[in-house]
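First the structure, in the form of structure tokens, and then the observations on it.
The values are calculated or read from the model by the stated rules, or taken from the named source; none is laboratory data. This structure is a prediction, so every number in the text was calculated from the model and none was measured. Positions of Cβ are backbone-derived with ideal geometry, glycine not excepted, and every protein chain shown enters the neighbour counts. Note: accessible area is taken over every heavy atom of the protein model, side chains too, but ligands, DNA and RNA are not part of it. Shrake-Rupley method; radii C 1.70, N 1.55, O 1.52, S 1.80 Å.
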Amino acid sequence: MSDLTFEKMGGMVGEPLGISSWQVVTQEAVNEFANCTGDKQWIHIDVERAKKESPFGGPVAHGYLTLSMLSAMAMEIGVVPKGTAAALNYGLDKVRFLAPVPVGAKVRLHSKLSGFDRKSNGQYLMKTENTIEIEGADKPALIAESLAMLVPGPDAKV
């Protein structure tokens, strides 16, 4: 569980929030994502063709699959302060896909708090700078600035 509090986070802007554990991007996950989204490009799901024709030597994860992993990894880190009744995805300010993620690669999240603002309705807008790194790669898979609206619960220290 996170040791972050609403009270503390206002003074933490610019500080790292943590690093997640490594997650393996499996062909099964890529196939399931393709089925859910309808994005069935051969470079993701046709393993044999990707080994022969892809400039990456095999299948790669969808960029949006990699991006979608951000939320679960952020929750693993514990970026939501204690006493949060709800953490709602509020959007993204910037996303850049910098390197393809080969199927079988391990990725992890580095997250830094870049904004924490109380809103007039008593909620908080949290902005984080996120980098998803690929194990052993020179460049990260992606960088993303994400926004979450946090609703403090009755036991939150604000």
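Here are some notes:
- Meets criteria (touching a residue at least 40 places away in the same chain (Cβ under 8 Å), touching a helix residue (DSSP H, G or I) at 6+ places or on another chain (Cβ under 9 Å) and within 27 Å of T5 (Cβ to Cβ)) for P152: yes
- Each residue in region 35-64 was checked for being in contact with an Asp or Glu (Cβ under 9 Å, 6 or more places away or on another chain), assigned to a helix (DSSP H, G or I) and in contact (Cβ under 8 Å) with a residue 24 or more places away in the chain, and 1 of them qualify.
- Residue list for region 107-134, restricted to those being surrounded by fewer than 15 Cβ atoms within 10 Å (Cβ to Cβ) and part of a strand (DSSP E or B): D117, R118, L125
- Candidates V79, V30 - the one that is under 17 Å from the mean Cα position of the chain (by Cα), within 30 Å of P154 (Cα to Cα), in contact (Cβ under 8 Å) with a residue 60 or more places away in the chain and outside any strand (DSSP E or B): V79
- Residues in region 7-21 that are surrounded by 13 or more Cβ atoms within 10 Å (Cβ to Cβ), of a type outside the set (K, R) and not in a strand (DSSP E or B): E7, M9, G10, M12, V13, S20.
- Checking region 92-102 against the condition returns a match, with at least one residue being closer than 23 Å to Q123 by Cβ, in contact with a Ser or Thr (Cβ under 7 Å, 6 or more places away or on another chain) and surrounded by fewer than 18 Cβ atoms within 10 Å (Cβ to Cβ).
- Scan of region 38-55 for residues that are open to solvent by 80 Å² or more (accessible area, probe 1.4 Å) and either touching a His at 6+ places or on another chain (Cβ under 9 Å) or modelled with pLDDT under 95 (or both), ordered by number: Q41
- Test: V151 is part of a loop (DSSP other than H, G, I, E, B), surrounded by fewer than 18 Cβ atoms within 10 Å (Cβ to Cβ) and of a type in the set (V, I, T): no
- Verdict on A72 being crowded, with 18+ Cβ neighbours inside 10 Å and modelled with pLDDT of 95 or more: no
- Being surrounded by 12 or more Cβ atoms within 10 Å (Cβ to Cβ), closer than 30 Å to I45 by Cβ and either without any contact (Cβ under 8 Å) to a residue 40 or more places away in the chain or among the aromatic types (F, W, Y) (or both) is a property that A137 has.
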